[in-house]
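Notes to accompany the following structure.
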Amino acid sequence: MRAVGARARQPMRRLGRSVGLYVMLVGVPFVGVVLVLGAGGRLDAPPVVAGTWTVRVEGPPRPGLPCGVGEPGRWRVGQSGTFVRLEVGGGVELRARLVGDTVTAEEPSGCAGRPVGVRAVRARSARGELAGELWVGACPACERRRFEATRIAPIVPAATEGGR
């Protein structure tokens, strides 16, 4: 009689193991996905500053300054999340970070061995506006200059350019 009772409990034991295994392999990952999606739902994307910008610099044009700093022109801005790349003309390319609505960049040897910096505040992507300061270090004639920029064209993602 003992053998019959043990055999009757064996299918129940297998069922219990199967249910436990199912909960571990399906239930736990499902709860993890729900928690991650809930946390991600509260995140805000950074403002989009990528594109081509027309730049106006405060004060009269100052030709002859290193790398064309202080001259009006066009900037190309690339962006990946909070990482920004600024091509400010004169062969100067700056790597920057976007924190809130402020883009900050300083390249130690960005212009003929001189540090170049940009601090743009009021990055209002919805209106396509930037305003801030531009400077070249170790250049007595290159005081900080205020600038305003207006986006004239957003950068098209590579996926829409034929996958390059």
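The values are calculated or read from the model by the stated rules, or taken from the named source; none is laboratory data. Values in this document were obtained by computation on a predicted structure and should not be read as measured data. Cβ: placed from backbone, ideal geometry, glycine included. Neighbour counts: every protein chain shown.
Quick one: Ala6 ticks every box in (1) modelled with pLDDT of 80 or more; (2) of a type in the set (A, V, I, L, M); (3) out of contact with any strand residue (DSSP E or B) (no Cβ under 6 Å at 6 or more places or on another chain) bar one, so which box is it?
Checking Ala6 against (1) modelled with pLDDT of 80 or more; (2) of a type in the set (A, V, I, L, M); (3) out of contact with any strand residue (DSSP E or B) (no Cβ under 6 Å at 6 or more places or on another chain), the one that fails is (1).
If you go through the stretch 53-62 one residue at a time, do you hit one that is within 21 Å of the chain's Cα centre (by Cα), modelled with pLDDT of 85 or more and either part of a helix (DSSP H, G or I) or at positive phi (or both)?
no
Mind listing just one residue for me: the one in the stretch 75-92 that is at pLDDT below 85 and over 16 Å from Trp135 (Cβ atoms) and, of those, surrounded by the most Cβ atoms within 10 Å (Cβ to Cβ)?
We begin by selecting, within the stretch 75-92, every residue at pLDDT below 85; these are 75, 86-92.
Okay, now just the ones that are also over 16 Å from Trp135 (Cβ atoms), so 87, 91.
Values: Glu87: 15, Gly91: 11.
Out of the qualifying residues, it is Glu87.
Out of all the residues in the stretch 137-145, is one or more among the acidic types (Asp, Glu), at pLDDT 80 or above, under 21 Å from Pro60 (Cβ atoms) and surrounded by fewer than 17 Cβ atoms within 10 Å (Cβ to Cβ)?
no
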